[in-house]
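A quick write-up on the structure given underneath.
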Amino acid sequence: MKLIQTKQELKEALKGERQRGKTVGLVPTMGYLHEGHLSLIRKARQENDSVVVSIFVNPTQFGEGEDYNTYPRDLDRDTEQCRSAGADMVFAPGAGEMYVEDSITYVDMNGLTDRLCGASRPGHFRGVMTVVTKLFNIVRPDRAYFGQKDAQQVAVIRRMVRDLDFNIQIIEAPIVREEDGLAMSSRNTYLQPREREAALVISQALFLAEQQIAGGERRGDFIRDKIIEKISSQPLARLDYAEIVDAAALTPIRVIKGSVLIAVAVKIGRTRLIDNIKMEV
Ligand code: AMP
């Protein structure tokens, strides 16, 4: 497996692959890898001749006062994990390599990015779309792999690929959870033991909603109120949002029917965590 830190070197390494007619799968990450990331890498390994994992803590998707500087980083450990999950190349550029200093161009979207996380993190998806576009142009993958954990991100990327005619298949993989239900996240490392315990309320609230819907409940407001009630019962949790939306358009739905996304964002202490479930009703 190759560790590559410049765009030029990566493009050259991939040129050979492409000339030999090999398919390329890309797994974009911000590193500090866990089983969630590894599930994407393994899936990419099964479906492509060559697998590239990018590891880049992207400054443009962090807002003022967010955790860009403290975001956990461990390239040695990540590289080892990529190797054992079957990656062929790790692309880990520095911020100065990824963005030329006087870069003034961004990729942006209307509507879809204003809701859910976009409402609490203005500019976040502009940063995501810009870096993903750059990665798509640098790697030119046949397939790119994203986790359902960031459900809005997948919806935004799918829409961007459609609207801007990227010839890339977007593949979504399910959320990988800890044994007790907490969705895996690099940010879980921020949690103090008491907070880690309190964070369980997030998946518990979602599972409760899932059960109620499976049991026949169809009132969106009712389910949403139950989620809010459950999360509010945990003193260390502060709700950012709980929404029941159409899984593709991300618009609120009153009657639960079709492809439904139930998404929540909660602050536990200073750590903002997101989670969701998707259901076909
Ligand atoms: P990140 O490093 O947090 O930017 O995540 C990189 C990719 O891994 C994104 O597509 C995430 O949705 C995905 N991912 C993160 N956590 C999980 C998880 N628990 N299960 C599945 N995919 C995940």
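Within the range 98-109, how many residues are surrounded by fewer than 16 Cβ atoms within 10 Å (Cβ to Cβ) and more than 21 Å from residue 4 (Cα to Cα)? So that I can check it myself, show each step before the final result.
First, pick out the residues of the range 98-109 that are surrounded by fewer than 16 Cβ atoms within 10 Å (Cβ to Cβ): 100-106, 108.
In the following step, the residues that additionally are more than 21 Å from residue 4 (Cα to Cα) were identified as 102-106, 108.
Summing the residues that are surrounded by fewer than 16 Cβ atoms within 10 Å (Cβ to Cβ) and more than 21 Å from residue 4 (Cα to Cα) in the range 98-109 gives 6.
In the range 258-281, which residues are outside any strand (DSSP E or B) and either of a type in the set (S, T, N, Q) or under 22 Å from residue 173 (Cα atoms) (or both)?
Of everything in the range 258-281, those that are outside any strand (DSSP E or B) and either of a type in the set (S, T, N, Q) or under 22 Å from residue 173 (Cα atoms) (or both) turn out to be 258, 281.
Restricting to the range 144-170, name every residue that is basic (Lys, Arg) and either surrounded by fewer than 19 Cβ atoms within 10 Å (Cβ to Cβ) or within 13 Å of the ligand (Cβ to nearest atom) (or both).
Listed by number, the residues that qualify are 149, 158, 162.
Output the residues belonging to the range 189-204 that are within 14 Å of the ligand (Cβ to nearest atom) and closer than 21 Å to residue 77 by Cα.
Residues satisfying the conditions are 189, 190.
Could you list, in sequence order, all residues of the range 82-97 that are open to solvent by 40 Å² or more (accessible area, probe 1.4 Å) and either touching a strand residue (DSSP E or B) at 6+ places or on another chain (Cβ under 9 Å) or at positive phi (or both)?
83, 88
Filter the range 17-31 for residues that are touching a residue at least 60 places away in the same chain (Cβ under 8 Å) and either open to solvent by less than 10 Å² (accessible area, probe 1.4 Å) or near the ligand (Cβ under 7 Å from one of its atoms) (or both); which is farthest from the chain's Cα centre (by Cα)?
The qualifying residue farthest from the chain's Cα centre (by Cα) is 24.
If you go through the range 171-188 one residue at a time, do you hit one that is aliphatic (A, V, I, L, M), more than 8 Å from the ligand (Cβ to nearest atom) and open to solvent by 70 Å² or more (accessible area, probe 1.4 Å)?
no
Can you name every one of the strands (runs of 3 or more DSSP E) wholly within the range 1-109 that holds 2 or more residues which are of a type outside the set (A, V, I, L, M)?
Fully inside the range 1-109 and qualifying: 24-29, 50-55.
Looking at (1) within 27 Å of residue 114 (Cα to Cα); (2) touching a Pro at 6+ places or on another chain (Cβ under 6 Å); (3) within 16 Å of the ligand (Cβ to nearest atom), can you tell me which one residue 245 breaks?
Residue 245 satisfies every listed condition except (3).
In the range 110-143, which residues are open to solvent by 10 Å² or more (accessible area, probe 1.4 Å), assigned to a loop (DSSP other than H, G, I, E, B), over 15 Å from residue 60 (Cβ atoms) and in contact (Cβ under 8 Å) with a residue 60 or more places away in the chain?
Once the filter is applied, which keeps residues that are open to solvent by 10 Å² or more (accessible area, probe 1.4 Å), assigned to a loop (DSSP other than H, G, I, E, B), over 15 Å from residue 60 (Cβ atoms) and in contact (Cβ under 8 Å) with a residue 60 or more places away in the chain, the range 110-143 yields 112, 115, 140, 142.
The values are calculated or read from the model by the stated rules, or taken from the named source; none is laboratory data. Keep in mind it's a predicted model, so treat the numbers as computed, not measured. Note that each Cβ is placed from the backbone with ideal geometry, even for glycine, and that neighbours are counted across all protein chains shown. Quick note on the areas: whole protein, heavy atoms, side chains included, nothing else; ligands and nucleic acids left out. Shrake-Rupley method; radii C 1.70, N 1.55, O 1.52, S 1.80 Å.
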